[in-house]
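Peer 1: Below is one structure. I have some questions about it.
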Amino acid sequence: MSRIGRQPIAIPSGVEVALGQDQTVTVKGPKGTLARRLHPDVRLVVEGAEVRVERASDEAFHRSLHGLTRTLVANMVEGVTKGYEKRLSLVGVGYRAAMKGKDLEIQVGFSHPVLVNAPEGIQFEAPNPTQLIVRGADKERVGQVAANIRSIRKPEPYKGKGIRYEDERVRKKAGKAAKRSEEHTS
């Protein structure tokens, strides 16, 4: 049996977990409401303040679905209670980010500033011009929006300039080597 899949998910107070038709699980909490359609071979059982995930059989495919479904539902519960965030930093001379209402304006060396619209359920914050924070209840969406922002100007390997995750390490390459002078001495 899946070690992750068989662990029950604790439901904190103020959070509702409901299983609707078409295998759709809805989780409501203080940070919002999330919904996801589950695979038909996986069942969700809500008992008191716990949710358990059960699978149809012991096949390899169902075992893999078991752990995945449990993790997805646990992430939904954590998202509506605590929320998720990704921190990005802008490295480079003149690289900066600023808020324009709910949207984000980024200047990263192009001839024009790049405007990033905040999708529904996502909030941006720019505590200082070279840092930005992406927050939301849906872990998948927060990660995707942060990846989209990073793709505007990925960190380059020679000087390390670009948009990177706060904990990301950029491996730098050596630049062009100067030609040896012994070739010209003969």
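The values are calculated or read from the model by the stated rules, or taken from the named source; none is laboratory data. Quick caveat, the model's predicted, so the values are computed rather than measured. Cβ: placed from backbone, ideal geometry, glycine included. Neighbour counts: every protein chain shown. Just the protein is used for accessible areas: all its heavy atoms, side chains included, with ligands, DNA and RNA removed. Shrake-Rupley method; radii C 1.70, N 1.55, O 1.52, S 1.80 Å.
Peer 1: Take every Cα pair under 8 Å in the chain that's 6+ residues apart, average their separations, divide by the length, and report that relative contact order as a whole percent.
Peer 2: Values: 345 pairs, mean separation 31.7, N = 186.
This gives 17 percent for the chain.
Peer 1: Rounded to a whole number, what % of the accessible area of the chain do carbon and sulfur atoms account for, probe 1.4 Å? Can you show the working numbers first?
Peer 2: Numbers: 5700 of 11950 Å².
Here it works out to 48 percent.
Peer 1: Here is a further query. For helix 139-150, what angle does its Cα long axis make with the longest principal axis of the chain, in degrees from 0 to 90 and rounded to 10?
Peer 2: Between the helix axis and the principal axis of the chain, the angle is about 10 degrees.
Peer 1: Quick one: putting +1 on the C-beta of Lys and Arg, -1 on the C-beta of Asp and Glu, what dipole do you get for the chain around its Cα centre, in Debye to the nearest 20? Let's see the in-between values first.
Peer 2: Values: 33 positive and 22 negative charges, 182 e Å.
Value, rounded to 20: 880 debye.
Peer 1: Taking amide H atoms as placed 1.01 Å from N in the peptide plane, list the residues 5 or more away in sequence, or in a different chain, whose amide H sits under 5 Å from that of Val42.
Peer 2: Amide H neighbours of Val42: none.
Peer 1: Once both axes come from the Cα atoms, what is the angle between helix 60-81 and the longest principal axis of the chain, in degrees from 0 to 90, rounded to 10?
Peer 2: 80 degrees
Peer 1: Mind checking the full-extension length gain between Asp103 and Ser57? Use 0.36 nm per residue of separation minus the Cα-Cα distance, one decimal, nm.
Peer 2: Numbers: separation 46, 0.36 × 46 = 16.56 nm, distance 4.69 nm.
Result for the pair: 11.9 nm of gain on full extension.
Peer 1: Find the accessible area per residue for the chain; the probe is 1.4 Å, ligands and nucleic acids are left out, and the unit is Å². Present the calculation step by step, with values, prior to reporting the outcome.
Peer 2: Details: 11950 Å² over 186 residues.
The answer is 64 Å² per residue.
Peer 1: Which peptide among 66-76, 167-177, 101-111 comes first, and what is the full order, when sorted by highest mean count of other Cβ atoms within 10 Å?
Peer 2: In decreasing order of mean packing, 66-76, 167-177, 101-111 become 66-76, 101-111, 167-177.
Peer 1: Which of Lys31/Lys159; Lys28/Lys161; Lys154/Lys176; Lys100/Lys139 have a Cα-Cα distance over 32 Å? Kindly include the intermediate steps, with their values, before the conclusion.
Peer 2: On the way: Lys31/Lys159 39 Å; Lys28/Lys161 40 Å; Lys154/Lys176 21 Å; Lys100/Lys139 24 Å.
Lys31/Lys159; Lys28/Lys161, as the Cα separations exceed 32 Å there.
Peer 1: For segment 94-182, what is the charge dipole size about the Cα centre, in debye to the nearest 20, if Lys and Arg each add +1 at the Cβ and Asp and Glu each add -1 at the Cβ? Could the numbers behind the result be given before it?
Peer 2: On the way: 19 positive and 11 negative charges, 145 e Å.
The dipole of segment 94-182 has a size of about 700 debye.
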